[in-house]
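The values are calculated or read from the model by the stated rules, or taken from the named source; none is laboratory data. Here the structure is a predicted model, which means the values were calculated and not measured. Methodologically, a virtual Cβ is constructed for each residue, glycine included, from the backbone with ideal geometry; neighbour enumeration extends over all protein chains shown.
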Amino acid sequence: MSLARLAEQQVTRIKAIAFVLCLYPLARLAVLGVTGGLGANPIEFITRSTGRWTLTFLLIALAATPLRRWTGWLWIMRLRRLLGLYAFFYAALHFLTYIWLDQFFDPMAIARDVLKRPFITLGFTCFLLLIPLAATSTDRMMRRLGGARWQLLHRFVYFIAIGGVVHYWWLVKKDITLPLAYGAVLALLLGARLAWYRRRNSLPAMARQMGRLG
């Protein structure tokens, strides 16, 4: 059995292992919380940790297609939905930490914060855009929407990922090492997609040109 094509049982085993591994950030926070390892500002620690893992899972999910193209591993696409849903899961934890532990469910304080601070506004917008993507991630919703409309909707993930990186960049202000690293990875993934798109669209034009010459 080649690495490109794995048996269904092997893919199922890989998905189960990936599911458990994706729970590591949450388990780590739980252990640190119990042992007092969240530092002097636990709320900030949890907020930043869940935010970073949201971006991490988004980028890993976006890397599935390039990895399939570069390696020929067809099975890796079977992990993309799982990774995308975990990105939403940690984004929800990130958002919940903010509205609960930081703002104590005060709608007026949250509204003022969203309007006053641009990085909060952008992060809030990205989270709202993630909700319909998570809600339509099932095969049933894909069939209901139709392939073309479903793909169009889920292309918003590119804008969400860009917004997430900018949100992180604006948050840290001074030490931009990590946001810069996230941005570089995202630029590579989007650049690869753009190159494939241009090449794919240039082939019909070249064929027409050859036809005229012939």
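Points to keep in mind about this one:
- When the test is whether a residue is part of a helix (DSSP H, G or I), surrounded by fewer than 16 Cβ atoms within 10 Å (Cβ to Cβ) and of a type in the set (A, V, I, L, M, F, W, C), residue 157 does not pass it.
- Picking from residues in the range 17-30 that are without any contact (Cβ under 8 Å) to a residue 24 or more places away in the chain and surrounded by 11 or more Cβ atoms within 10 Å (Cβ to Cβ), the one that is farthest from residue 101 (Cα to Cα) is 23.
- Count of residues meeting criterion [surrounded by 15 or more Cβ atoms within 10 Å (Cβ to Cβ), assigned to a helix (DSSP H, G or I) and at pLDDT below 95] in the range 125-144: 1
Per-residue answers, yes or no, for (1) modelled with pLDDT of 95 or more; (2) not charged (D, E, K, R):
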site	(1), (2)
28	yes, no
50	yes, yes
66	no, yes
71	no, yes
86	yes, yes
92	yes, yes
111	no, yes
117	no, no
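- Exclusive hit being within 14 Å of residue 62 (Cβ to Cβ), in a helix (DSSP H, G or I) and of a type in the set (A, V, I, L, M), set 188, 152, 171: 188
- Residue match in the range 97-108 (condition: under 20 Å from the mean Cα position of the chain (by Cα) and of a type outside the set (Lys, Arg)): yes
- For first residues located in the range 170-196 and among the hydroxyl-bearing types (Ser, Thr, Tyr), partners that are modelled with pLDDT of 95 or more and in a helix (DSSP H, G or I) and lie 6+ apart or on another chain with Cβ distances below 7 Å form the pairs 182/55; 182/59; 182/165; 182/168.
- Residue in the range 201-209 that is out of contact with any Phe, Trp or Tyr (no Cβ under 9 Å at 6 or more places or on another chain) and modelled with pLDDT of 90 or more present: no
- When the range 86-139 is filtered for residues that are of a type in the set (D, E, K, R) and touching a helix residue (DSSP H, G or I) at 6+ places or on another chain (Cβ under 8 Å), the ones remaining, listed by number, are 102, 113.
- Residue among 131, 99, 160 that alone is in contact with a Cys (Cβ under 8 Å, 6 or more places away or on another chain) and aliphatic (A, V, I, L, M): 160
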